[in-house]
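Shown next, in structure tokens, is the structure this report addresses.
Nothing in this text is a laboratory measurement; each read-out follows from the coordinates by a stated rule. This is a predicted model, so every value here is computed, not measured. Positions of Cβ are backbone-derived with ideal geometry, glycine not excepted, and every protein chain shown enters the neighbour counts.
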Amino acid sequence: MKLTPPTFGVWLIALLLGGGGIAARFGYIPVLAPHAFWLVVAGFGLLVAATVFSKL
């Protein structure tokens, strides 16, 4: 399996998703608090998908 680094745009979106999930978990963004876990999962999932698929 050939792995490729994610593009900067995908990396930035994943960073924002993960950071938003962590900030929500610690109470900085109370509106997103119920979805904090899934935001972090989506960020990591996006990074994995971008690493496996070369055109992301």
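A compact table of results
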| read-out | value |
| --- | --- |
| Count - residues of segment 17-56 that are of a type in the set (Phe, Trp, Tyr) and in a loop (DSSP other than H, G, I, E, B) | 3 |
| Selection within segment 6-42 - exposed (fewer than 11 other Cβ atoms within 10 Å of the Cβ) and either of a type outside the set (A, V, I, L, M) or touching a residue at least 12 places away in the same chain (Cβ under 8 Å) (or both) | 8, 9, 26, 27, 30, 34 |
| Tally of residues being touching a Lys or Arg at 6+ places or on another chain (Cβ under 9 Å) and of a type in the set (Phe, Trp, Tyr) across the chain | 1 |
